[in-house]
1. What are the residues in region B:49-87 that are in a loop (DSSP other than H, G, I, E, B), within 18 Å of A:Gly460 (Cβ to Cβ) and at the interface with chain A (Cβ under 8 Å from one of its Cβ atoms), if any?
2. I'd like to check something: does region A:445-457 contain any residue that is more than 30 Å from the chain's Cα centre (by Cα) and away from chain B (no Cβ under 14 Å)?
3. Test A:Gly468 against the stated conditions and say whether it is away from every other protein chain (no Cβ under 14 Å) and either part of a helix (DSSP H, G or I) or within 30 Å of B:Glu82 (Cα to Cα) (or both).
4. Considering only region A:383-391, I want to know if a residue exists there that is of a type in the set (Val, Ile, Thr) and either modelled with pLDDT under 90 or within 28 Å of B:Val68 (Cβ to Cβ) (or both).
5. Among the residues of region A:471-481 satisfying the criterion of being facing chain B (nearest Cβ under 7 Å) and in a helix (DSSP H, G or I), which is surrounded by the fewest Cβ atoms within 10 Å (Cβ to Cβ)?
6. Could you list, in sequence order, all residues of region A:342-388 that are in a helix (DSSP H, G or I), over 17 Å from A:Leu247 (Cβ atoms) and within 11 Å of chain B (Cβ to nearest Cβ)?
7. Which one of the conditions (1) among the hydrophobic types (A, V, I, L, M, F, W, C); (2) surrounded by fewer than 15 Cβ atoms within 10 Å (Cβ to Cβ); (3) within 9 Å of chain A (Cβ to nearest Cβ) does B:Val23 fail to meet, given that it meets all the rest?
8. So, in region B:26-48, of the ones that are within 8 Å of another protein chain (Cβ to nearest Cβ) and within 20 Å of A:Ser350 (Cβ to Cβ), which residue ends up surrounded by the fewest Cβ atoms within 10 Å (Cβ to Cβ)?
Amino acid sequence: MNVVWVHPGLLLIFGAWVLPLLPRRAKRVGMIALPAAALIDCALMTPGTYGAVSFLGQDLVFGRVDTLSLVFSYVFSIIALLGMVYALHVDDDSQHLSALTYAGGALGVTFAGDFLSLYIFWELMAVSSVFLIWLRREPAAVAAGFRYLLVHVVGGLFLLAGIVLYWSQAGTLAFTDMSAYAGTAGWALILIAFLLNAAVPPLGAWLPDAYPEATVTGAVFMTSFTTKSAVYVLIRGFAGTELLIWLGAIMAIYGVVYAVLENDARRLLAYHIISQVGYMICGVGIGTALALNGATAHAFAHILYKALLFMGAGAVLRMTGLRKLSDMGGLYKTMPMTLGLYMIGAFAISAVPLFSGFVTKSMVITAAGESHLPAIFLMLTLASAGTFLHTGLKLPYFMFFGKDAGVRAQEPPGNMLAAMGLTAGACILIGVLPGLLYRHLPYPVDFAPYTLLHVTSTMGMLGFTALGFFMLVKHLDPERKISLDTDWFYRRGATGFLALVSEPLRRFEYDFVGEIYEYVIRRPVLGVAALLRRFDSLVVDSALVGVGRSTQHLGQALKTAVSGHTQQYALIMAAGALALLLLARFAA
Amino acid sequence: MSFLERQLEDLVRLRRIKRTFYVGLGLVALAEIVMPLVFGAGHPHFAFEGIPAWGSLYGLVSCIAIIVISKLIGKVWLMRSEDYYDE
């Protein structure tokens, strides 16, 4: 069966490099056409194994297509398309190139059937996404980009080390469920690398550090790919790992706790990414069909509504230049459409009925219930209340309502509103017709989200969370401060380490090791060299000089033979002729 | 003045919105207590789900708990000045 299979990721990556060469209008068309083509490619794919290549005796599979990878590929290409619509107005070619390469890398990770191709696309994602931060071209962004790259390079090294160890143990590079190797070093290193990309605390401080520093349009791409492809690989390889249940639940609360303290709008949303990914990781850990379905569905819905939230905050950033909540307020008067579209995203993340979050988050929480994990159930529900508190109440209140900061802005350009509108439509569509999403989930779905009890319980929780917010709103005034996260260790903690290293180590190096080097190595070597030089000059040189002198003396002696007297020449010639005659006579 | 401005800037209208909100809250809490009695309790996974108006109660408690605890952790430990990392 000879089927032509086009890797949508490679389509995006190679297409991205063609884009800058096109004239302006064709470029705009291309920016939409490329991700649309990738989406159509994914939609038309049938499950199977494609793109198998033999390399150095190993089988690399670039196209492992099954329900799980298909559903992730759909949402990755959809958000690539919506993100490019949002970024149509941007004139910076490098941003489009980086964004599309990044999206292509995520698709590559999704379809990778073996660890080597996974690693290639994993690193490609890290390297291309850092440009979305650097291209903001401000000192804070450049610094944040370096920290982001540093963290991801370390993660990539962990992944590589884990892959090598796993390969030596398993004998194959195929990427499948790794529970058989649980507890081994390779398993642990790969898990750490995946957890780092999923921004699990304590390895996740890079996310709230870097995402607010990204460009307005770049941030939309960044929220979608790194963490969700990490969730995908965790579902693929680590489903059912009990550790993940607790990590996920703690993560969900961690994000919500930090979000209370945040002043920067996009940093608050970034902490919510950590919170929501916690639900997905918890689902992966629980490992039942409902839990894994829930993790997948939640990832799908999360990409869409989180992108919408970042689009809204980014639109405010672009139109007002403001990023801190303490500087904003009263924007509902001049940016009502942005507010409305943002609120759809906020309702979706808060799991309000009729929006996407309601039909997906409840799967994970119900799975926790069915697996009889009361603590996890309570933690996840608490985080749900916290999510609505921040994203649905605190952020819109201080950004759009609240005390009027006197900022008057316009609505963002049409393409940004169109992108937000389409994404909002998708959030509502999934919420109203969950079957559309459920149909594509990896396991058969036996879950009905719209039960009367569930809806009333959710409405109650949300309503009373709002009550709590309005009661305590005075205490939630954003302060002009930053919060410390685990990135303190490589930002501040590292200077302590350097101070420790520089004095004692420096002294050890120069005074102790240096002295030894001086006496054991340097002086003997120089002494031997001096000896050889003396030998050279006394013996070798004088031999050469002697030969020269002898030749000179011989020449001086021969000089006397050339006297200029013809009689002497005649005498010598006669003597010579006589000698030759005698020689001829007696030698014969 | 846009529609939203008219609703929110006028004190009378604002008070009406607030009253509607409180009435709505009361209705939801009531519905939560009454529904299980009328339609059957569904499949509660845990004992605490049987508490009347469980969703509303836990929502309020969670909200207050998150705000109080987070602010406490922030004040005692995590919050620093904006130029903490700048040297």
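1. Applying the first criterion (in a loop (DSSP other than H, G, I, E, B)) to region B:49-87 yields B:51-53, B:82-87.
Next cut, within 18 Å of A:Gly460 (Cβ to Cβ) only: B:51-53.
If the condition is that a residue be in a loop (DSSP other than H, G, I, E, B), within 18 Å of A:Gly460 (Cβ to Cβ) and at the interface with chain A (Cβ under 8 Å from one of its Cβ atoms), then B:Ala53 is the only one that fits.
2. Initially, region A:445-457 is screened for residues more than 30 Å from the chain's Cα centre (by Cα), giving A:445-457.
Filter once more, keeping what is away from chain B (no Cβ under 14 Å): A:445.
Among the residues of region A:445-457, at least one is more than 30 Å from the chain's Cα centre (by Cα) and away from chain B (no Cβ under 14 Å), which makes the answer yes.
3. Details: away from every other protein chain (no Cβ under 14 Å): no; either part of a helix (DSSP H, G or I) or within 30 Å of B:Glu82 (Cα to Cα) (or both): yes.
Considered against the rule, which asks whether it is away from every other protein chain (no Cβ under 14 Å) and either part of a helix (DSSP H, G or I) or within 30 Å of B:Glu82 (Cα to Cα) (or both), A:Gly468 comes out as no.
4. Step one: list which residues in region A:383-391 are of a type in the set (Val, Ile, Thr), which gives A:387, A:391.
Cutting the leftovers down to either modelled with pLDDT under 90 or within 28 Å of B:Val68 (Cβ to Cβ) (or both) gives us A:387, A:391.
Yes, that holds for at least one residue.
5. Checking each candidate, the answer is A:His475.
6. Answer for region A:342-388, where residues must be in a helix (DSSP H, G or I), over 17 Å from A:Leu247 (Cβ atoms) and within 11 Å of chain B (Cβ to nearest Cβ): A:Thr366, A:Gly369, A:Glu370, A:Pro374, A:Thr381, A:Ser384, A:Ala385, A:Gly386, A:Thr387, A:Phe388.
7. Unmet condition: (3).
8. B:Ala31
The values are calculated or read from the model by the stated rules, or taken from the named source; none is laboratory data. The model shown is predicted, which means the values in this text are computed figures rather than measured ones. Cβ: placed from backbone, ideal geometry, glycine included. Neighbour counts: every protein chain shown.
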